[in-house]
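Chemist: Take a look at this one; I'll ask things after.
The values are calculated or read from the model by the stated rules, or taken from the named source; none is laboratory data. As the structure is a computational prediction, the values presented were derived from the model and not from experiment. Here the Cβ positions follow ideal geometry from the backbone for every residue, glycine too, while neighbour counts run over all protein chains shown.
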Amino acid sequence: MTSLTNNLHTCKAQNQLCKAFSIKLSTNAQVVLIARNAGYNALFIDLEHGWQSLAEASNLCITGLSVGITPFVRVPHQCGNGFVQRVLDGGAMGVIFPHIHSAEDAKAAVRISKYPPVGCRSMAGPQPIFGMKTMPMKETIQQCNESASTVIAMIESKDAIEVVDDIAAVEGVDVLLVGSSDL
């Protein structure tokens, strides 16, 4: 079985800080190499406030995968399940969901990010996270649900703060990210 490395999970298991490099303006893959050489563990590719295309974000993700830096993509608020799926199918190992206001919002984020039986994400063919190799469906589901579909819920409002424990308790939510500019 192929084993995917998610640096966020590795850092957490070793009780270390996971450092993420934000990419909002550049589409040049060299910025990923700079981030790796500067000691970052992950990428935060911003499609909510950045202007990269889905293809450009995928290229950044694939570069990250090839050099051992875990790519995460922040999607635009209310972008739709199909967009989230395309981000994951394009090589992201997780999605940053902005404007999570409730446990229901968090559950919806988990549902679209995970394959059945945990979620409702539909199956793709060969994927960048596996080097475009054909993988058995059972292995794809297990590896993706465990390591390549990290759900990062952004807490950006007073109403979210009031129910943050409920959001954090949602099975499948891996990280709570404070949107400090919004708060």
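Chemist: Any residue in segment 23-52 that is touching a residue at least 24 places away in the same chain (Cβ under 8 Å) and among the charged types (D, E, K, R) sitting within a Cβ distance under 7 Å of a residue that is surrounded by 19 or more Cβ atoms within 10 Å (Cβ to Cβ) and outside any loop (DSSP other than H, G, I, E, B)? List the pairs, counting only those 6 or more apart or interchain.
Modeler: Between residues of segment 23-52 that are touching a residue at least 24 places away in the same chain (Cβ under 8 Å) and among the charged types (D, E, K, R) and residues that are surrounded by 19 or more Cβ atoms within 10 Å (Cβ to Cβ) and outside any loop (DSSP other than H, G, I, E, B), the close pairs are Lys24/Asp46; Asp46/Ile23; Asp46/Arg74; Glu48/Arg74.
Chemist: Conditions: (1) in contact with a Phe, Trp or Tyr (Cβ under 8 Å, 6 or more places away or on another chain); (2) farther than 14 Å from Thr150 by Cβ. Ile96 meets all but one. Number of the miss?
Modeler: (2)
Chemist: Does Val75 count as surrounded by fewer than 20 Cβ atoms within 10 Å (Cβ to Cβ) and either closer than 18 Å to Pro126 by Cα or aliphatic (A, V, I, L, M) (or both)?
Modeler: No: the conditions fail for Val75.
Chemist: Sort through Ser26, Ser22, Ser66 and tell me the only one that's modelled with pLDDT under 95, more than 17 Å from Leu176 (Cβ to Cβ) and surrounded by fewer than 19 Cβ atoms within 10 Å (Cβ to Cβ).
Modeler: Ser26
Chemist: Moving on. So Thr140 clears everything in (1) at positive phi; (2) crowded, with 17+ Cβ neighbours inside 10 Å except one condition, right? Which one?
Modeler: (1)
Chemist: Collect the residues in segment 138-180 that are in contact (Cβ under 8 Å) with a residue 24 or more places away in the chain and part of a loop (DSSP other than H, G, I, E, B), keeping them in residue-number order.
Modeler: If the condition is that a residue be in contact (Cβ under 8 Å) with a residue 24 or more places away in the chain and part of a loop (DSSP other than H, G, I, E, B), then Ala148, Ser149, Glu156, Ser157, Val163, Ala169, Val170, Glu171, Gly172, Val173, Asp174, Gly179 are the ones that fit.
Chemist: Out of Ala108, Ala124, report the one residue that is assigned to a helix (DSSP H, G or I), more than 21 Å from His49 (Cβ to Cβ) and among the aliphatic types (A, V, I, L, M).
Modeler: Being assigned to a helix (DSSP H, G or I), more than 21 Å from His49 (Cβ to Cβ) and among the aliphatic types (A, V, I, L, M) holds for just one of Ala108, Ala124, which is Ala108.
Chemist: Moving on to the next point. Out of Ala169, Ala148, Ala160, which single residue is surrounded by 21 or more Cβ atoms within 10 Å (Cβ to Cβ), more than 15 Å from Leu4 (Cα to Cα) and among the small types (Gly, Ala, Ser)?
Modeler: After ruling out the rest, the residue left standing is Ala160.
Chemist: If you don't mind, another one. Just wondering, is there one or more residues in segment 111-131 that are among the β-branched types (Val, Ile, Thr), free of Cβ contacts under 8 Å to residues at least 24 places away in the same chain and within 26 Å of Val67 (Cβ to Cβ)?
Modeler: Scanning segment 111-131, I find no residue that is among the β-branched types (Val, Ile, Thr), free of Cβ contacts under 8 Å to residues at least 24 places away in the same chain and within 26 Å of Val67 (Cβ to Cβ), so the answer is no.
Chemist: In segment 45-63, which residue that is assigned to a loop (DSSP other than H, G, I, E, B) and under 15 Å from the mean Cα position of the chain (by Cα) is surrounded by the fewest Cβ atoms within 10 Å (Cβ to Cβ)?
Modeler: Glu48
Chemist: Check segment 76-95 and report whether any residue there is touching a Gly at 6+ places or on another chain (Cβ under 6 Å), at pLDDT 95 or above and assigned to a strand (DSSP E or B).
Modeler: Within segment 76-95, none of the residues are touching a Gly at 6+ places or on another chain (Cβ under 6 Å), at pLDDT 95 or above and assigned to a strand (DSSP E or B).
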